[in-house]
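Undergrad: Let me give you the structure first, and then I'll get to my questions.
Laboratory data are not the source of any read-out in this text; all were calculated from the coordinates shown. Source: prediction; values computed, not measured. Note: ideal-geometry Cβ built from the backbone for every residue, glycine included; neighbour counts use all protein chains shown.
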Amino acid sequence: MDSLSTANIEFCLDVFKELNNDSMGENIFFSPLSLIYALSMILLGAQGNSAEQIEKVLHLNRIVESLNPEFKDTCKCSGAGRIHSELEAIFSQIHQPDSNYTLSIANRLFGTNVRTFHQIYLNSSEKLYGAQLQTVDFEHSPEETRKTINAWVESKTNGKVVNLFEKGTIESSSVLVLVNAIYFKGQWQNKFNEGETTKTSFQLSEGESVIVEMMYQSGVFRLASITQPQIQILELPYINNQLSMLILLPVGTTKLEQIENQLNVKTFQEWTSSFILVEREVEVHIPRFKLEIKYDLNSLLKSLGIVDVFDQNKADLSGMSSPRGLYLSKVVHKSYVDVNEEGTEAAAATRDIIAVKRFPNRAKFIANHPFLFFIRHIRTNNILFCGKLASP
């Protein structure tokens, strides 16, 4: 489980940095957990180089190599059968239907009706990921297919993710489309009092400012203050302490870009460890904000190293269907998050130079300038959502 948690963080930061390079100064919001969930469905039916590339990008390759030989062929669909079982166990822990938060992950493969898919793949996908493959008529009914996909996603995300595919974006030449959306709604363990919310200035990266609704509360929270670079890290738990939001806020003369440049799996784990985060009395000021962002991830995944599955001549998805020739046409990801008084509705320092400052009796955490935020599942230490708020 720990190794899968590390893989989750590594993949999350890889995707964040790619998105950040393409959208400097813009808001970012996505769900690494949901993407891992979706790409694992592809991995389940991938073979050869196609499987190896996905395993490497998801940082599962080292885990697969460490498995005992008897575990490597437990699923005929993929050489990493135990990985799928362990991923399913983690998703089950996070996606508890009776928990005090709502988490809806909408993942589905829509495949052309001119191909037959292996029953073992269909059974394994449904058993391990609760996901089905739906056959559609891309060739003759691309517009009707688009509406079908959009309606399904909307129904799975409480109506928050709508029009995932705009008119004309589903092509008649498509053969396999991976649809990926996620919805999360959670209440804070300690709600903000709406009467304490005030209009205040939020400084933008460009030196300009905007007026935002700044929420406020005072209470005991886990807080860290890193000296190199200067960062405050606040953990805001959701009800029942199963999930929490971590906010990484530059302070002093530190710019957000400095944190982004030093952010990697080692620094993230150190900065957010129980050794660093200490319970303190804190005055918390964070803006109310709402983000809804959609990404076409074909080029991003290719840049990370998942190349073959998008190439008709190189893709090996023979675990899904034979003969060869099946390939992935499109990967679209859309996430929604609403942070308000009630809660959230959604989606290189080393250890020897980390220092924890002594806090005054009551520390102040004032998020009135750009920051990074992560929503994580506390028990498994998996990141569900990752975001950058550059402009509320």
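Undergrad: Among THR157, THR254, rank each residue by its count of other Cβ atoms within 10 Å, from fewest to most, as a rough exposure measure.
TA: Fewest-to-most Cβ neighbours within 10 Å comes out as THR254, THR157.
Undergrad: Order by neighbour count: PHE275, PHE202, fewest other Cβ atoms within 10 Å first, most last.
TA: The fewest-first ordering by Cβ neighbours comes to PHE275, PHE202.
Undergrad: Pulled fully out, how much extra length does the chain show between GLN93 and LYS199, if you take 0.36 nm times their separation in residues and subtract their Cα-Cα distance?
TA: Difference between extended and current length: 34.3 nm.
Undergrad: Can I ask one more? Per 0.36 nm of contour for each residue apart, how much would the distance between THR116 and GLN187 grow if the chain were fully extended, relative to their Cα-Cα spacing?
TA: Result for the pair: 21.1 nm of gain on full extension.
Undergrad: If you don't mind, another one. Before rounding to the nearest 500, sum -39500 (n - 2.57) across all DSSP H runs of length at least 4 in the chain and divide by the residue total; then give [θ] at 222 nm in deg cm²/dmol.
TA: Rounded to the nearest 500, the figure is -8500 deg cm²/dmol.
Undergrad: Moving to a separate point now. Once you charge only the Cβ atoms, +1 for Lys and Arg and -1 for Asp and Glu, what is the size of the charge dipole of the chain about its Cα centre, to the nearest 20 debye?
TA: 400
Undergrad: I'd like the distance between the alpha-carbon centres of the range 122-158 and the range 1-67, rounded to an integer number of Å.
TA: Spelled out, the Cα-based centre of one part sits 22 Å from the other.
Undergrad: If you don't mind, there's one more thing I want to ask. Could you work out how much longer the chain between LYS17 and LYS127 gets when fully extended? Use 0.36 nm per residue separation minus the Cα distance between them, nm to one decimal.
TA: 36.3 nm
Undergrad: If I model a spin label as a point 7 Å beyond the Cα along the Cα-Cβ vector, how far apart are those points for SER141 and PHE275 in nm?
TA: Once both label points are built, they end up 5.9 nm from each other.
Undergrad: Charges on Cβ only, +1 for Lys and Arg, -1 for Asp and Glu, centred on the Cα centroid of the chain; of SER303, GLN132, ASN193, which one is farthest towards the dipole's positive end?
TA: Ranked along the dipole, the leading option is ASN193.
Undergrad: Here's a follow-up. So for the chain, taking the charge dipole from beta-carbon charges (+1 Lys/Arg, -1 Asp/Glu), which of PHE268, VAL153, TYR336 sits furthest toward the positive end?
TA: PHE268
Undergrad: Right, another one. Could you bin all the Cα-Cα distances of the chain into 10 Å bins starting at 0 and give me the percent of pairs in each, rounded to whole numbers?
TA: Result returned by the calculation: 5, 23, 32, 23, 13, 4, 0.
Undergrad: With labels modelled as points extended 7 Å from the Cα through the Cβ direction, what inter-label distance (nm, one decimal) is found for GLU257 paired with SER173?
TA: 3.9
Undergrad: Any aspartates and glutamates with Cα under 19 Å of the LYS167 Cα? List them, leaving off those in the same chain fewer than 8 positions away.
TA: LYS167 reaches ASP137, GLU139, GLU143, GLU144, GLU154, GLU292, ASP296.
Undergrad: For the range 306-314, in order, what is each residue's ³J(HN,Hα) by Karplus, 6.51 cos²θ - 1.76 cosθ + 1.60 with θ = phi - 60°, in whole Hz (x at glycine and Pro)?
TA: After applying 6.51 cos²θ - 1.76 cosθ + 1.60, I find 8, 10, 4, 5, 8, 10, 4, 8, 10 Hz.
Undergrad: Another question about this same structure. At R0 = 30 Å, how high is the FRET efficiency between GLU26 and VAL307 if r is their beta carbon distance? Nearest 0.05 is fine.
TA: 0.70
Undergrad: Report, in listed order, any pair from LYS147/LYS191; LYS17/LYS127; LYS302/LYS364; LYS266/LYS302; LYS56/LYS388 with a Cα-Cα distance greater than 31 Å.
TA: LYS147/LYS191; LYS17/LYS127; LYS302/LYS364
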